[in-house]
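Single-structure report; data block below.
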């Protein structure tokens, strides 16, 4: 018979599960909607560049077959037309206010060292408060291929794990499909070419 290793771990798991806040409404203008069961989210997107659509759709299929610990689970993906696709993901929980603040401070200072210096003490405080989130931010930054990191594109799954949800952030770069896959799977990845635009 299975016995818990520690009562603290079990109670801590359930307490953190209770704290998660799930959205009850989704923004219409972003192409996202609830499924009928309200447990999954459907995202639909279109681009005028069929190369980008091919590349991101191929990447979605890869993620569907190879779930990643820091990227939302792709439950299904469909090609609607040469310029449109959709994918399904589980409903994710919002970040807390202090988690969202850490993401904003981290990403806002990404290209501005003066901004990071000015907020250094606050970042250190939030880093101590949310060490796992800080590690995730560093990991996403190390990929170099995700170009839309902000507090609205990072959420938590039902176990409290932080995950990127807006997968179009991979499509903004001009990296190839192979570079996208390598960036999230290979340690200390260096792309074979730099994006051109």
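Some notes on this structure:
- Taken over segment 78-89, the criterion of being surrounded by fewer than 16 Cβ atoms within 10 Å (Cβ to Cβ) and in contact with a strand residue (DSSP E or B) (Cβ under 7 Å, 6 or more places away or on another chain) is satisfied by 78, 79, 80, 83, 84.
- Check on residue 149, assigned to a helix (DSSP H, G or I), touching a helix residue (DSSP H, G or I) at 6+ places or on another chain (Cβ under 6 Å) and buried (at least 18 other Cβ atoms within 10 Å of the Cβ): no
- Whichever residue in segment 127-143 is in contact with a helix residue (DSSP H, G or I) (Cβ under 6 Å, 6 or more places away or on another chain) and over 22 Å from residue 22 (Cα atoms) and, among such residues, is surrounded by the fewest Cβ atoms within 10 Å (Cβ to Cβ): 127
- Set 140, 165, 123: member being out of contact with any strand residue (DSSP E or B) (no Cβ under 6 Å at 6 or more places or on another chain) and within 18 Å of residue 181 (Cα to Cα): 140
- If the condition is being closer than 13 Å to residue 157 by Cβ and in a strand (DSSP E or B), then segment 46-91 contributes 71, 89, 90.
- Matching residues, segment 158-180, being closer than 21 Å to residue 40 by Cα and part of a loop (DSSP other than H, G, I, E, B): 158, 159, 160, 161, 165, 166
- All positions within segment 101-134 that are at pLDDT below 95 and under 13 Å from the mean Cα position of the chain (by Cα): 103
- Taken over segment 16-45, the residue count meeting the criterion of being surrounded by 12 or more Cβ atoms within 10 Å (Cβ to Cβ), at pLDDT below 70 and not in a helix (DSSP H, G or I) is 1.
The values are calculated or read from the model by the stated rules, or taken from the named source; none is laboratory data. For clarity, every value in this text was computed on a predicted model and none was experimentally measured. Heads up, the Cβs are rebuilt from the backbone with ideal geometry, glycines too, and the neighbour counts pull from every protein chain shown.
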